[in-house]
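Input: a single structure, listed below in structure tokens.
What follows draws every value from the coordinates through simple rules; no lab data is involved. From a predicted model like this one, the values you see are computed outputs, not experimental measurements. Neighbour counts run over all protein chains shown; Cβ positions are idealised from the backbone, glycine included.
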Amino acid sequence: MLAMNKNRILGATAIVIAATVVLSSCKDKRSTGWEYAPNMYEHIAYDPDQANPNFKDGKTAQVPPAGTIPVGFVKFDYPNTKEGYELAGAQVKSPLFLTSKNIEEGKVLFTSFCSPCHGQHGQGDGEVVAHGFPAPPSYSKGQSSRGGNMSDLTDGKIYHTITYGVNAMGSYASQLSPEERWKVVMYVHQLQKTL
Ligand code: HEC
């Protein structure tokens, strides 16, 4: 007898809870229903696409002030021209320390991104060259199409080349972060010494 009453009470409670949930979630069509953590839906911060009375143009997404750069953004103010290449070659130095860890990481990146054309040892004999792609000059024995020995290419010239590409070689700016590019530059310097 007692057990049956208990079941009835439990059953009734369950029905009341269910009815409350159903009714409260149907109040209005745009409602998100029962919000478990309302501050996830109704946060204090403005959404980027939301109207905003705090700014003159009434928008939340503002254009950054002229001359500002994002935190962590690395500037490279040398244009993709012969002059930009020469200037970078003379002025830009690697910001990284010469460590075996950096060289090792440069080697890994070089093997993935550059060796298919330049070859494991930078001799211009990569896999795709064997299939007819124009051979890049050897880093240690070749001549640069922009003048001088490949073995004399400076930090800035190699960085400029990775950033913009040159002739048949494309830009690697979207594949390699500035820091990764400098690691690759470090490894190319090693290959310039290949006998
Ligand atoms: C698709 C093939 C290909 C890939 C991949 C490639 N290169 Fe090249 N690279 C070339 C060719 C071809 C040249 C010669 C271009 C010319 O001077 O006409 C060249 C030239 C260069 C030069 C000489 C630039 C100069 O000033 O003469 C450097 C340095 C260089 N590459 C570095 C790299 C590095 C570092 C990578 C990897 C991030 C890379 N390349 C990836 C094909 C490639």
Separation in nanometres of the label points that stand 7 Å from Cα toward Cβ, at Ala130 and Asn167: 2.4 nm
In the chain, lysine pairs with alpha-carbon atoms under 16 angstrom apart (chain gap of 8 or more, or interchain): 10
Mean residue ellipticity (222 nm) of the chain, computed from DSSP H runs ≥ 4 via -39,500 (n - 2.57), nearest 500: -12500 deg cm²/dmol
Rounded to 10°, Cα long-axis angle of helix 100-113 versus longest principal axis of the chain: 90 degrees
Phi to ³J(HN,Hα) by Karplus 6.51 cos²θ - 1.76 cosθ + 1.60 over the stretch 152-157, Hz, x for Gly, Pro: 9, 4, 8, 2, x, 5
Full-extension gain in nm, Val74 to Tyr46, via 0.36 nm per residue minus C-alpha separation: 7.2 nm
Spread of Cα-to-Cα distances over 10 Å intervals beginning at zero, given as percent, for the stretch 78-195: 15, 50, 33, 3
Ranked by how many other beta carbons lie within 10 Å on average, peptides 66-73, 116-123, 79-86 from highest: 116-123, 79-86, 66-73
Cα Rg, Dmax (largest Cα-Cα span) when computed across the stretch 73-132, Å: 15.0, 38
